[in-house]
Amino acid sequence: MLRPFLALSLLSTVLCLGCGRADEPGSATALMDDAYRASTPEKMEIPSESDAFNTEAYDHIVENDFHLAAREPLSTFSIDVDTASYANVRRMLTQDQLPSKGAVRIEEFINYFTYDYRPPTGEHPFAVHVDVAECPWSRDHRLARIGLKGKEIHVAERPRSNLVFLMDVSGSMSDFNKLPYVKASLNLLVEQLNERDTVALVVYAGSSGLVLDATPADRKSEIRDALNRLNAGGSTNGGAGIQLAYDVATSHFIEGGVNRVILCTDGDFNVGMTNQSDLIDLIQQKARENVFLSVLGFGMGNYKDSTMEKLADKGNGNYAYIDTLQEAEKVLVEQMTGTLITIAKDVKIQIDFNPAHVAAYRLIGYENRMLRAEDFRDDAKDAGEIGAGHTVTALYELIPVGQDVPDLAVEPSKYQEQPAADDDQAVASEESFTVRLRYKLPEGSASIPFDVAVVDEGKSFDEAVTDFRFASAVAAFGMLLRDSKYKGDIRWDDVSEIVNGARGMDSNGYRAEFAALVKKAKMLKAQRGEADDSLTWIRD
């Protein structure tokens with residue numbers, strides 16, 4: 001069933017909270033109603049971002065450039081399954097705001113969507129799929145898609161879970177789309193757990209405290225009551241809360257099970273252990289002890305995206321942004337096993353390009369996940385994780401040999417022999433590149449390698465599979481939002497045309513929603529005079 005686009009707006013979600021409904025106890029709507037009434041005063045004005053000074057914080061992103069394959073044949077990066085950037089930007093567009101460039105992480109846009117990759121059948125916990133076709137924004141170039149598919153774990157077969165909910169109940173969490181959403185989201189997750197799982201509840205504000213020690217998850221009313229009693233107030237001692245949450249998780253550690261802290265916050269740490277390096281040291285140490293951290297972000301106005309992304313990255317966990325109850329259902333119900341269960345950690349990808357076929361390459365997104373070539377075989381170097389059933393996608397734009405390579409005219413060193421594109425060994429191979437992977441099992445310490453060689457079969461864009469075309473449209477959407485210098489000649493209408501022809505089955509309506517977001521972004525860009533083909537859509 002398609003989810004209507006307008007139903008995703010924060011405003012409409014809030015206005016529906018007070019409506020009379022006959023929902024079943026424990027349903028998504030009923031849980032939101034309960035949490036909302038428990039933490040919201042009788043009279044409340046819905047704020048807008050224009051009502052207060054906006055202190056949202058995003059890291060500056062410097063886009064990946066092209067690299068000459070003859071000089072730098074190896075491209076290395078850590079995988080990423082975070083999706084927060086897409087949901088956060090969706091929230092901004094829904095509220096008629098264009099995002100800052102730092103809020104747009106293209107890899108998280110691409111990975112928000114699932115793709116029809118075949119699951120693994122061999123010894124490795126994930127399968128690798130690679131395809132190459134014409135690049136839609138630079139038709140003389142090629143586009144390579146690298147897709148990973150984690151093995152599926154049926155809910156009945158998942159291991160026991162030791163979960164600690166770490167909730168920010170500081171004053172900044174009092175907004176309608178923060179603490180009420182946190183309660184409803186966690187209640188949704190509790191509904192999916194059973195007597196084999198335990199849930200503990202830790203809160204932090206001016207001080208931190210244990211509200212509920214590890215409790216069997218079949219005692220749902222007890223857990224729900226503890227959640228719904230919480231109210232916001234005070235400053236934010238986030239560091240102390242994280243330390244306490246890890247202590248609780250460690251004291252109830254399950255060998256071979258899921259041991260995870262789930263942090264719910266707007267990221268506005270302002271007292272206590274605010275130094276990011278101290279927090280990261282703590283989180284990395286606990287990740288090495290197999291207690292992982294997932295981060296769920298909430299709210300707007302003072303949202304600290306840059307802080308939360310770093311914490312999840314170092315905690316062997318994922319980072320999602322909850323802007324609607326539907327998003328909570330996606331992350332904590334539809335994708336619960338992937339959110340909770342890690343099947344491979346420290347997953348690194350290294351592409352070895354053949355300069356006989358590839359003159360230059362550019363990784364699209366993953367700017368803050370880049371690694372040095374020597375990091376690939378260094379097992380002490382942290383990298384990303386894959387959850388059960390997760391898909392991970394990365395795109396490379398390739399310039400074939402014989403095409404002009406922009407802005408890469410470098411004077412060669414007179415002291416060093418330069419690699420030649422017509423090297424005999426390179427010419428002898430039909431392979432355009434080789435995908436190398438290394439990963440560790442969830443409780444392992446030594447990485448496991450394997451390779452996949454790739455031959456470009458020369459497919460046109462129209463010959464590419466539906467998912468390839470859709471992923472390319474998502475990447476183009478991100479580049480247009482960022483006004484990337486690499487966006488080529490693609491326009492908003494081109495993106496819409498690709499999306500409309502590449503929705504596939506779309507059983508959950510996420511691709512239809514994306515098509516509406518493309519139109520919304522185009523309209524907002526046109527209002528700023530930044531969309532050169534904007535009048536076409538306005539007339540339509």
Check: What do the square roots of 5 times the Cα gyration tensor eigenvalues come to for the stretch 149-220, in whole Å, largest first, as semi-axes of the equivalent ellipsoid?
Finding: 26, 15, 11
Notebook entry, point to check: At a probe size of 1.4 Å, how large is the accessible area of Asp378, to the nearest 10 Å²?
Noted result: 60 Å²
Next item on the list: Using 0.36 nm per residue of separation minus the Cα-Cα distance, give me the extension gain between Asp489 and Phe253 in nm, one decimal.
Entry: 79.6 nm
Notebook entry, point to check: Using +1 on the beta carbon of Lys and Arg, -1 on that of Asp and Glu, and nothing else charged, what's the dipole of the stretch 104-188 about the Cα centre, debye to 20?
Noted result: 160 debye
Check: Which lysines does Lys487 reach when only Cα atoms under 22 Å apart count, and residues fewer than 8 places away in its own chain are ignored?
Finding: Lys101, Lys459, Lys519, Lys520, Lys522, Lys525
Notebook entry, point to check: Counting DSSP beta bridges with both partners in the stretch 251-403, what percentage is antiparallel, nearest 5?
Noted result: 50 percent
Item checked: Inter-site label distance for Asn194 and Gln97 at 7 Å from Cα along Cβ, in nm -> 4.3 nm
Note to self: Using a 1.4 angstrom probe on the protein heavy atoms only, could you order Asp451, Asp494 from most to least accessible area?
What the structure shows: Asp451, Asp494
Check: With all pairs of different alpha carbon atoms counted, what Kirkwood hydrodynamic radius in Å does the stretch 434-510 show?
Finding: 15.5 Å
Check: Can you give the accessible area per residue of the stretch 95-252, in Å², using a 1.4 Å probe?
Finding: 35 Å²
Notebook entry, point to check: Once label points are set 7 Å from the Cα along Cα→Cβ at both Glu497 and Ala453, what is their separation, rounded to one decimal in nm?
Noted result: 3.8 nm
Notebook entry, point to check: Where Lys and Arg each count +1 and Asp and Glu each count -1, what net charge lies around Val455 among other residues with Cβ under 13 Å from its Cβ?
Noted result: -3
Notebook entry, point to check: Leaving out ligands, DNA and RNA but keeping every protein chain, what accessible area does Phe450 have, in Å² rounded to the nearest 10, with a 1.4 Å probe?
Noted result: 40 Å²
Notebook entry, point to check: Which sequence of His67, His124 reflects their accessible areas, 1.4 Å probe, from the largest down?
Noted result: His67, His124
Next item on the list: Lys and Arg at +1, Asp and Glu at -1: add these up for the other residues within a Cβ distance under 15 Å of Glu195 and post the number.
Entry: +1
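The values are calculated or read from the model by the stated rules, or taken from the named source; none is laboratory data. This structure is a prediction, so every number in the text was calculated from the model and none was measured. Because the Cβ atoms are built from the backbone with ideal geometry, glycine has one as well, and the counts that use them run over all protein chains shown. Each accessible area value is taken on the protein alone, full model and side chains, heavy atoms only, with ligands, DNA and RNA left out. Shrake-Rupley method; radii C 1.70, N 1.55, O 1.52, S 1.80 Å.
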